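Novice: This is the structure I have questions about; it appears just below.
The values are calculated or read from the model by the stated rules, or taken from the named source; none is laboratory data. Since the model is a prediction, treat every value here as computed from it, not as a measurement. Here the Cβ positions follow ideal geometry from the backbone for every residue, glycine too, while neighbour counts run over all protein chains shown.
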Amino acid sequence: MCTSIVEIVPAEGAGKLNNRWFPLSQAVVAYDHSRHALFDDGIAIDFVNAEMGPGTRTSVELSLDTAKALSAALIRAIEAAELEEAGRGL
């Protein structure tokens, strides 16, 4: 089943491809058939640099449970980082 569930956001950062790092331009999050993970459907996240061509990306395929845990961990880390940054402004 193709879901057509895709979210694309601008991204700043760096990704690693083979043994080199490249600057990111986008993050693409999709729910669809897994290509490499051992489950039918999952969340795929591609970090890409569109200007450097379609092969310039790094990817992960996650189960829904793993994606939920990662999402919660990201929220906790962001909240802690914001508190840390706010404390530096005092």
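Novice: With Gly42, Gly53 as the choices, which residue is over 11 Å from the mean Cα position of the chain (by Cα), at pLDDT below 95 and exposed (fewer than 10 other Cβ atoms within 10 Å of the Cβ)? Show your work before the answer.
Specialist: Details: Gly42 fails: exposed (fewer than 10 other Cβ atoms within 10 Å of the Cβ).
Exactly one of Gly42, Gly53 is over 11 Å from the mean Cα position of the chain (by Cα), at pLDDT below 95 and exposed (fewer than 10 other Cβ atoms within 10 Å of the Cβ), namely Gly53.
Novice: Report yes if Ser63 is closer than 17 Å to Ile5 by Cα, surrounded by 13 or more Cβ atoms within 10 Å (Cβ to Cβ) and in contact with a His (Cβ under 9 Å, 6 or more places away or on another chain), otherwise no. Explain how you work it out, then say what you get.
Specialist: On the way: closer than 17 Å to Ile5 by Cα: yes; surrounded by 13 or more Cβ atoms within 10 Å (Cβ to Cβ): yes; in contact with a His (Cβ under 9 Å, 6 or more places away or on another chain): no.
It is false that Ser63 is closer than 17 Å to Ile5 by Cα, surrounded by 13 or more Cβ atoms within 10 Å (Cβ to Cβ) and in contact with a His (Cβ under 9 Å, 6 or more places away or on another chain).
Novice: May I ask you to list pairs of residues, at least six apart or on different chains, whose Cβ atoms are under 7 Å apart, with the first in the range 4-26 being exposed (fewer than 10 other Cβ atoms within 10 Å of the Cβ) and the second being in a strand (DSSP E or B)?
Specialist: Between residues of the range 4-26 that are exposed (fewer than 10 other Cβ atoms within 10 Å of the Cβ) and residues that are in a strand (DSSP E or B), the close pairs are Val9/Gln26; Val9/Ala27; Pro10/Gln26.
Novice: Working carefully through the options Ala86, Ala73, Ala67, find the one that is assigned to a helix (DSSP H, G or I), of a type in the set (A, V, I, L, M, F, W, C), out of contact with any Leu (no Cβ under 7 Å at 6 or more places or on another chain) and at pLDDT below 95.
Specialist: Details: Ala73 fails: at pLDDT below 95; Ala67 fails: at pLDDT below 95.
Checking each option against the conditions leaves just Ala86.
Novice: Still on this structure: Let me confirm something: among Ala37, Ala27, which residue is at pLDDT below 95, aliphatic (A, V, I, L, M) and either assigned to a strand (DSSP E or B) or touching an Asp or Glu at 6+ places or on another chain (Cβ under 7 Å) (or both)?
Specialist: Ala37
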